[in-house]
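A.B. asks: Following this message is one structure expressed as structure tokens.
The values are calculated or read from the model by the stated rules, or taken from the named source; none is laboratory data. Quantities reported herein were computed from a predicted structural model and do not represent experimental measurements. Cβ coordinates were reconstructed from backbone atoms using ideal geometry, including for glycine residues, and neighbour counts include every protein chain displayed.
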Amino acid sequence: MANGGDRRADVDGDRLWRRHTEMAELGATQKGGVNRAALTPADVEARARLAGWARDRGFTVEIDAYGNQFMRRPGAADAPAIASGSHSDTQPTGGRFDGISGVLSAVEALEAIDDAGIVTDRPLEAVIWNNEEGTRFSPTNLGSAVYVGAAPVDVMLAATDRDGVTMRSAVQTLREAVPWAGPRELGAPMAAFVESHIEQGPELEAEGLDIGIVTAIQGTRKLDVEVVGDEAHAGTTPERMRRDAFVDAVRIATALRELFHDPDDIMRFTIGRFEVSPGALAVVPGRVFFTVDIRHPDNATLARLGDRIEPVCRRAASRCDVRVAETRRADSTPFEGAVPEAIETAVRERGYSYKHMPSGAGHDARYVSEICPSGMVFVPCERGLSHNERENATPEDIARGAQIVADTLLILDERLP
Ligand SMILES: [Zn+2]
């Protein structure tokens, strides 16, 4: 390969698919999905098997204080590693690919490079970020966030599940299952990070494309809107004298829908909750509460349109009072520079079809990008179904994703200073 030197490592698609099948048995549900919350027996078993495969190859395994797991193939130089990975935990009614596919692709990439006998300059690592789905422990946070210092480790280790088990003791259980794993310091530097993940959306499959190169994890703003009028008798109050909160809320919702209409279909606008009070058949509604969730990969667009929500709500209301409160705001995380450039080189050299696209969902790479150049590879998934037991992807698509991870690691090893 021109940009990865003359080094070429082809992944073993059969081995990769077998391991997907094997992992899907750990926490398997009746409907063909997976229920594998962080550091439950099924997750610990998955972690131990992955660590075992790494050890069989002579790779080293390290586990940090929060239970993130690192499987390392040494390089010629003792330098920060070029890493790839994702998470092994799932939603309670999750699928066979979300998360674990990125872990298995990273392990396959390291093994393919090992099979090819390539000596890299930097060490290469396959990473399992702990607790990405965050369904078991409260308060919860992503292992990647804890690793980069975006969440306080002591508070997160004290988090408990419904049975009172702390994250600290769950991490200890993992250590006991992989007793030969060494320690790893939280925040230890990485040279670069690439995460492979199923798209969790329908676009790649619909467009018949092999790979998505992720440009950004889109930003979001979430707001509460309250419309306040007057409750009145539905039979005796003439229309001209009503302050009907539902009528104004509908006008507002329509105006917001127009505000966020995007001919390019990139903006995401959702009213997911809509409550009418008092909610009685014969009472003119005196109050409506609803939520607004907007998402966009461009922070300037998110800022400009998000700031128009309140004035548009006020203008659209004819008789009622309107209160707007922002409850959450998170900027978009762009992926630029060395990693997406290496991914694009890899995809072009393999002759795969691809497009650049933002990620609608959050991922570990968002946090890892705070400490090193990062990027993401998306693999098509059937009908875009995810966080769903019917989540599915083809062996061919999965193998292409892992191939791009392997090639990207080698290209980065050539290009990084
Ligand atoms: Zn995921």
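A.B. asks: Considering only the range 107-132, state which residues are within 13 Å of the ligand (Cβ to nearest atom) and of a type in the set (A, V, I, L, M).
C.D. replies: Selection gives 128 alone.
A.B. asks: With the structure loaded, tell me whether residue 286 is of a type in the set (Gly, Ala, Ser), in the same structural domain as residue 311 (by TED's automatic domain parsing), over 30 Å from residue 37 (Cα atoms) and modelled with pLDDT of 95 or more or whether it fails that test.
C.D. replies: It is true that residue 286 is of a type in the set (Gly, Ala, Ser), in the same structural domain as residue 311 (by TED's automatic domain parsing), over 30 Å from residue 37 (Cα atoms) and modelled with pLDDT of 95 or more.
A.B. asks: Oh, and also: Those residues that are small (Gly, Ala, Ser) and more than 12 Å from the chain's Cα centre (by Cα), I need them from the range 89-135; list them, please.
C.D. replies: Step one: filter the range 89-135 for residues small (Gly, Ala, Ser), giving 94-95, 99, 101-102, 105-106, 109, 112, 116-117, 126, 134.
Within the range 89-135, 94, 95, 101, 105, 106, 109, 112, 116, 117, 126 meet the criteria.
A.B. asks: On to the next question. Hey, among the residues in the range 77-106 that are closer than 15 Å to residue 125 by Cβ and out of contact with any helix residue (DSSP H, G or I) (no Cβ under 9 Å at 6 or more places or on another chain), which one's nearest to the ligand (Cβ to nearest atom)?
C.D. replies: For the range 77-106, the residue satisfying everything is 81.
A.B. asks: Take the residues in the range 388-416 that are part of a loop (DSSP other than H, G, I, E, B) and in contact (Cβ under 8 Å) with a residue 40 or more places away in the chain, then tell me which one is nearest to the ligand (Cβ to nearest atom).
C.D. replies: Ranking the candidates gives 391 first.
Per-residue answers, yes or no, for (1) closer than 30 Å to residue 255 by Cα; (2) under 16 Å from the mean Cα position of the chain (by Cα); (3) modelled with pLDDT under 95:
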{"position": "310", "(1), (2), (3)": "yes, no, no"}
{"position": "324", "(1), (2), (3)": "yes, no, no"}
{"position": "331", "(1), (2), (3)": "yes, yes, yes"}
{"position": "352", "(1), (2), (3)": "no, no, no"}
{"position": "365", "(1), (2), (3)": "no, yes, no"}
{"position": "369", "(1), (2), (3)": "no, yes, no"}
{"position": "400", "(1), (2), (3)": "no, no, no"}
{"position": "404", "(1), (2), (3)": "no, no, no"}
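A.B. asks: Further question on the same structure: Does residue 55 qualify as being out of contact with any Asp or Glu (no Cβ under 6 Å at 6 or more places or on another chain) and surrounded by fewer than 19 Cβ atoms within 10 Å (Cβ to Cβ)?
C.D. replies: Yes.
A.B. asks: Is there a residue in the range 133-145 that is away from the ligand (no atom under 12 Å from the Cβ), assigned to a helix (DSSP H, G or I) and farther than 20 Å from residue 48 by Cα?
C.D. replies: Among the residues of the range 133-145, at least one is away from the ligand (no atom under 12 Å from the Cβ), assigned to a helix (DSSP H, G or I) and farther than 20 Å from residue 48 by Cα, which makes the answer yes.
A.B. asks: Right, here's the next one. So for the range 226-244 (the condition being within 16 Å of the ligand (Cβ to nearest atom), crowded, with 21+ Cβ neighbours inside 10 Å and not charged (D, E, K, R)), does at least one residue qualify?
C.D. replies: no
A.B. asks: Among the residues of the range 203-225, is any over 29 Å from residue 325 (Cα atoms), within 16 Å of the ligand (Cβ to nearest atom) and part of a strand (DSSP E or B)?
C.D. replies: Yes: one or more hits.
A.B. asks: Could you check the range 12-39 and list, in sequence order, the residues that are among the charged types (D, E, K, R), in a loop (DSSP other than H, G, I, E, B) and crowded, with 18+ Cβ neighbours inside 10 Å?
C.D. replies: Kept after step one, since they are among the charged types (D, E, K, R), are these residues of the range 12-39: 12, 14-15, 18-19, 22, 25, 31, 36.
Okay, now just the ones that are also in a loop (DSSP other than H, G, I, E, B), so 12, 25, 31, 36.
Within the range 12-39, just 36 meets the criteria.
A.B. asks: Tell me, please, whether a residue that is closer than 20 Å to residue 176 by Cα and modelled with pLDDT of 95 or more can be found in the range 91-108.
C.D. replies: no
A.B. asks: If you take the residues in the range 67-76 that are out of contact with any helix residue (DSSP H, G or I) (no Cβ under 6 Å at 6 or more places or on another chain) and assigned to a loop (DSSP other than H, G, I, E, B), which one is farthest from the ligand (Cβ to nearest atom)?
C.D. replies: 76
A.B. asks: What are the residues in the range 362-387 that are within 13 Å of the ligand (Cβ to nearest atom), surrounded by 18 or more Cβ atoms within 10 Å (Cβ to Cβ) and assigned to a loop (DSSP other than H, G, I, E, B), if any?
C.D. replies: Matches in the range 362-387: 363, 381, 386.
A.B. asks: Just to confirm my filter: which helices (runs of 4 or more DSSP H) fall fully inside the range 273-361 and include at least 3 residues that are within 16 Å of the ligand (Cβ to nearest atom) and loosely packed, with under 14 Cβ neighbours inside 10 Å? So that I can check it myself, show each step before the final result.
C.D. replies: Working: elements: 299-306, 309-316, 338-350.
Passing ranges: none, list empty.
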